[in-house]
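Take a look at the structure below.
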Amino acid sequence: MKSSAISLLVPLLIVQHPDVHALVLRKVGNTIRDSVYAQYIWGIAALGMASYWDAKISPMELTYKPTGQKIMFRGADDPMKIKSIKVPFGYIGITHFEEKDQFAGRAEIRTILQSTMRGGEMFWNFESYNPPISRDNWANIDSQEERPDRLCHKSTYLEAPPSWLGEQFLAEAEYLKETNEKAYQHEYLGIPVGTGSDVFENVTIREITDEEIAGFDRVYNGVDWGYFPDPWAFNRVCFNAAQRQLFIFDELTANKLGNKETADKLLEHGLTKEDRITADGAEPKSVADYNKYGLKCFGAIKGPGSVERSMVWLQSLNEIVIDKRRCPDTAREFLGYEYERTRDGEIMSGYPDMNNHHIDAVRYATEEIWRRPGNAGPKSDYVPIWGR
């Protein structure tokens, strides 16, 4: 439905804007003729416009006869050919990246657009793909980035007329749904269900409203010390014990700032002496600095099993809700955090100590909760938080 829709929209845009040309790209050039090129020929025929277009193979392009406007097809495996594209008049106002996830990343797409999006007033950029299974794939993460000039639309086979698909297609989908729910969700619904190595499978990304935040009765604050390249990270969270939900609704991230500068950032952010901060206890001087600079800071309790206990507690929650507008770095860490694998693909035990700065800040912030008797892990290492 995505490629079919775009192959209908682009010719219509061409007709409506006589000075605009289109460029359709796939990562590998030799895949174009039997895929996206054939799809566009279908689209033009479906619009009843076939007699108005000329189709060429070398170079691969479609030309709108009344004006000479072109839809050009190229592979991104030869970037010099993209840079050398010239149109006889007007400008390239439409680009279509088919199978977006096969490109190297946003930087590669941006580089191409910098070469093509020149000289015009209006531009349309289409990016179509099936979501990869891994939630931290660049294409899945990139599509979550919100911009005022972007529309992100998702469609599945459930929205297509059954006659488009046929009885056998629908029967296969139902069979997979009954026998392998996770595979069905990915292959037929386009949900990035993960590769089985995701540490947090209980994350929900959604807006946390001002009204919700105003109703939070207890807020916890955490800091993970850092300078560069590891950043300093701060988070605010609220825990709903009845529903076992953790809400992460605020973050700050900084590089190359000392303790005085980050303390000032927190004070400017609205924290006061009344707001308890739990920070990495491995740096007692930094903890003392924060108290000297007007904050109430305590060092997290270190000890054997503390990382595992806090991580198991986070994993055991019914839901970790993250507002990615308020906490983009935190959302990126939680969604992308995976167990390491051996060369044979086996999942390794333990938690990787990388790309987890806000995860650590959240662990410290919630220490008072998960160290309580009855929560995750043994009770033998419990130390009263307020009595230290």
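Just so it is clear, none of the values below were taken in a lab; they were calculated from the coordinates. Since this is a predicted model, take the numbers as computed values, not measurements. Please note: Cβ atoms are built from the backbone with ideal geometry, for glycine as well, and neighbour counts cover all protein chains shown.
Ignoring the sites themselves, what is the longest stretch of the chain with no chymotrypsin sites (Phe, Trp or Tyr not before Pro) in a DSSP loop and at most 16 other beta-carbon atoms within 10 Å? For chymotrypsin sites (Phe, Trp or Tyr not before Pro) (loop position, at most 16 other Cβ atoms within 10 Å), the longest site-free span of the chain is 124-215.
For a straight C-alpha distance cut-off of 19 angstrom, the lysines reachable from K70 (same-chain residues fewer than eight places away being disregarded) are K56, K81, K83, K86. Taking 21 Å as the straight-line reach from the Cα of K324, the lysines in range (excluding those fewer than 8 positions away in the same chain) are K154, K265.
Backbone geometry of the stretch 124-132 corresponds, through the Karplus equation with coefficients 6.51, -1.76 and 1.60 at θ = phi - 60°, to 3J(HN,Hα) couplings of 10, 10, 9, 9, 10, 5, 8, x, x Hz, x marking Gly and Pro. Model label points for R341 and M122, set 7 angstrom from Cα along the Cα-to-Cβ axis, are 4.6 nm apart. In order along the stretch 254-263, the Karplus-derived 3J(HN,Hα) couplings, from 6.51 cos²θ - 1.76 cosθ + 1.60 at θ = phi - 60°, round to 8, 10, 6, 10, x, 5, 5, 5, 6, 4 Hz, and Gly and Pro are given as x. Loop-located GluC sites (Glu not before Pro) across the stretch 214-296 with a Cβ neighbour count of 12 or fewer within 10 Å are E274, with loop assigned by DSSP.
Above 36 Å lies some portion of the pair distances; for the chain, what is it as a whole percent of all C-alpha pairs?
Considering the chain, 41 percent of its Cα-Cα pairs are separated by more than 36 Å.
Along the axis of the charge dipole computed for the chain (Cβ charges of +1 for Lys and Arg, -1 for Asp and Glu, origin at the Cα centre), the listed residues N255, L266, Q114 are led at the positive end by Q114. Magnitude of the charge dipole for the chain, about its Cα centre and with charges confined to Cβ atoms of Lys, Arg (+1) and Asp, Glu (-1), is about 820 debye. Size descriptors for the stretch 203-387 (Cα atoms only): Rg and Dmax, in that order, 16.1, 52 Å.
Would you work out which of V287, A22, P231 lies farthest towards the positive end of the dipole of the chain? Charges go on Cβ: Lys and Arg +1, Asp and Glu -1. The Cα lying farthest towards the positive end belongs to A22. Using C-alpha pairs under 8 Å with a sequence gap of at least 6, the mean separation divided by the residue count of the stretch 203-387 gives a relative contact order of 28 percent.
Report summary: the helix-based calculation at 222 nm, which adds -39500 (n - 2.57) for every DSSP H run with n ≥ 4 and divides by the residues of the chain, gives -9500 deg cm²/dmol. The slack between N318 and F169, meaning 0.36 nm per residue of separation minus the straight C-alpha distance, is 50.2 nm.
Within the same chain, lysines fewer than 8 places from K260 are excluded, and of the rest, those with a Cα less than 16 Å from its Cα are K273, K285, K292, K296. For the pair W42 and A282, label points projected 7 Å from Cα toward Cβ lie 5.4 nm apart. Placing +1 on the Cβ of every Lys and Arg and -1 on the Cβ of every Asp and Glu, with nothing else charged, gives the stretch 203-387 a dipole about its Cα centre of roughly 420 debye. Legend: translational diffusion of the stretch 2-150 by Stokes-Einstein, Rh = Kirkwood radius over C-alpha pairs, 25 °C, 0.890 mPa s; D = 156 µm²/s.
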